[in-house]
């Protein structure tokens with residue numbers, strides 16, 4: 001029996017969508033019905049394969065098969081619903097990070113089928129990782145610029161070499177248990193506010 005399964009679209013940003021698909025697993029036969037979206041996540045077009053529980057499990061990342069089986073068996077025995085973040089390896093060997101939301105298809109009596117939705121979050125995870133990496137790089141460059149500026153202030157004020165200026169910043173950082181970039185930022189701000197001398201005296205450096 002072919003069930004009316006739908007493929008939903010979830011917003012991803014910048015005009016893109018999060019691929020997704022729905023499924024229904026008949027527990028007696030092991031036969032699955034997949035929406036077109038779920039065929040696509042597995043790398044197939046409708047008609048290329050016959051979805052079964054065995055085929056679905058074969059596409060799970062080896063490290064994720066046991067948690068997936070635990071979720072299915074729990075719903076099979078107790079009903080209810082559950083969710084699991086795991087990985088699917090498609091027919092071309094590409095890894096997809098997905099969130100599966102599954103529930104018993106039967107409201108009463110023994111559970112005969114499990115149905116749910118699978119959302120492919122691979123692009124979302126990659127985009128978030130890229131944003132974090134970009135922020136880290138930008139922060140590193142900003143910190144470096146601030147530190148260099150603080151070194152220049154110390155060199156000009158105390159007539160010392162660059163290595164000595166850095167050692168002064170490092171000593172202050174260690175003494176106050178404060179990040180080097182924060183110490184440098186404090187000095188740069190003091191110079192901009194005309195309180196450099198007071199700040200250096202507070203540091204016990206004149």
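Want the number for residue 163 to residue 175: 0.36 nm per residue separation, take away the alpha-carbon distance, what's left? Each step should come with its number before you reach the end.
Numbers: separation 12, 0.36 × 12 = 4.32 nm, distance 1.81 nm.
Going from the current span to full extension adds 2.5 nm.
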Inter-part distance where region 16-44 and region 77-98 are each reduced to a Cα centre, Å
11 Å
At what distance in angstrom do the alpha carbon centres of region 103-127 and region 139-199 lie from each other?
55 Å
Using 0.36 nm times the number of residues separating residue 123 and residue 55, minus their current alpha carbon distance, what extension gain do you get?
22.1 nm
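None of the figures in this text is laboratory data; all of them are computed from the coordinates on show. Predicted, not measured: the structure shown is a model, and the values here were computed from it.
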